[in-house]
Amino acid sequence: MIPRWHELREAYPRIVTGVALGIAILLLTDLVLAGKRVQYGLELARIRAAMTDTERRRVDAIAASEESRLAIAVELARRQALGDAELHLAVDT
């Protein structure tokens, strides 16, 4: 017979309470982070609206350059991992 929720709460009250509080804290943290993301998006839109056209193009070029650098680094790591039998870690200094 499968224990019911009530029986589980009675058998392990601290564990059930701890799990419930943990889930509540994680959900609250998620809501706070979602709110911050919205705030940052609005701030970014406000800042971009205040930029001149030249500044906006320059920022877009820098962002595209950083994205392509990341893509190149990921591809290089993938190729090295496929070609090497062992794991090699390198730190760029």
Filtered residues of the range 26-57 (kept if surrounded by 10 or more Cβ atoms within 10 Å (Cβ to Cβ) and among the acidic types (D, E)): D30, E43, E55
Counting only residues that are outside any loop (DSSP other than H, G, I, E, B) and surrounded by fewer than 10 Cβ atoms within 10 Å (Cβ to Cβ), which one in the range 1-25 is modelled with the lowest pLDDT? W5
Name the pairs: first residue in the range 65-85 and of a type in the set (S, T, N, Q), second residue open to solvent by 100 Å² or more (accessible area, probe 1.4 Å), Cβ to Cβ under 7 Å, at least 6 apart or on different chains? Q80/H88
The condition of being of a type outside the set (A, V, I, L, M, F, W, C) and at pLDDT 90 or above holds, among R58, R48, R69, R78, only for R58
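The values are calculated or read from the model by the stated rules, or taken from the named source; none is laboratory data. This structure is a prediction, so every number in the text was calculated from the model and none was measured. Don't worry about glycine lacking a Cβ; one is built from the backbone with ideal geometry, like all the others, and counts go over all protein chains shown. Ligands, DNA and RNA are stripped out before the accessible areas are found, and what is left, the full protein with its side chains, is counted by its heavy atoms. Shrake-Rupley method; radii C 1.70, N 1.55, O 1.52, S 1.80 Å.
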